[in-house]
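Taken together, the values in this text are just the output of simple stated rules run on the coordinates, not laboratory data. This structure is a prediction, so every number in the text was calculated from the model and none was measured. Counting neighbours? That spans all protein chains shown, and the Cβs are built from the backbone with ideal geometry, glycine included.
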Amino acid sequence: IAIDPDTPDWMLAGLCGWPTYASQPAYRSLDGGVTWEPVVGLEGQVYEFHFDRTTPPEARIAFAGTPKGVFQSKDQGASWTRVGPEIGDGCVAAFAAGSRAATGVTRLFCCVTSADESKTDSPAWIMRSADGGGTWERVSELAAGSGGRPLYLLVSDADPHRVYLVKSWN
């Protein structure tokens, strides 16, 4: 669940398909959680939502990361379009974003891995977008066998340039 920090009546929620990350519906509320309606266009279970604080509250852009990619909404979460990197036969294993209104900086990060969970010897890549998902660049490769699969990426709005990775340890 996520709440727009500048417009707290706008909330987004993704249902959990644990442990398979099966596609589950996501919902939005425009009245602080009193009522909820399903959204359109998100594929896969939502890992994380982000409200882009560099956009004005009345035209706020939101992002969501799922195993199927990174998605963007420009209509208060009613509909979503893919803006993530081309992942081929891989999947997005983690997503996080940060935005700072004072500096106008927004950064999106995702970790791309093999879609086959049994391929623990495959490398993973941290990808970054500085333009709202329009273009993506590889910023780091995680070698195979380096402590398990990525679980979370964390980014703070205080410093959207810095990303932290949390991995499982086998």
Additional length obtainable on full extension of the chain from V40 to E58, 0.36 nm per residue less Cα span: 4.4 nm
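Taking K and R as +1 and D and E as -1, what net charge do the other residues with C-beta under 12 Å from the C-beta of F109 add up to? Present the calculation step by step, with values, prior to reporting the outcome.
On the way: positive: R107, R128, R138, R162; negative: E48, E137.
Within the 12 Å Cβ shell, the charges total +2.
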Two-decimal Rg to Rh for the range 28-140 - Kirkwood Rh, Cα set: 1.00
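Taking the mean number of other Cβ atoms within 10 Å as a proxy for protection, how do you rank 27-37, 47-57 from highest to lowest? All intermediate terms of the calculation are to be shown ahead of the outcome.
Values: 27-37: 14.0, 47-57: 19.3.
Averaged packing, sorted descending, gives the order 47-57, 27-37.
For a quick protection proxy, order the peptides 158-166, 124-132 by their average other-Cβ count within 10 Å, most packed first. Mind showing how you got there, number by number?
Details: 158-166: 14.7, 124-132: 18.3.
In descending order of packing, they fall as 124-132, 158-166.
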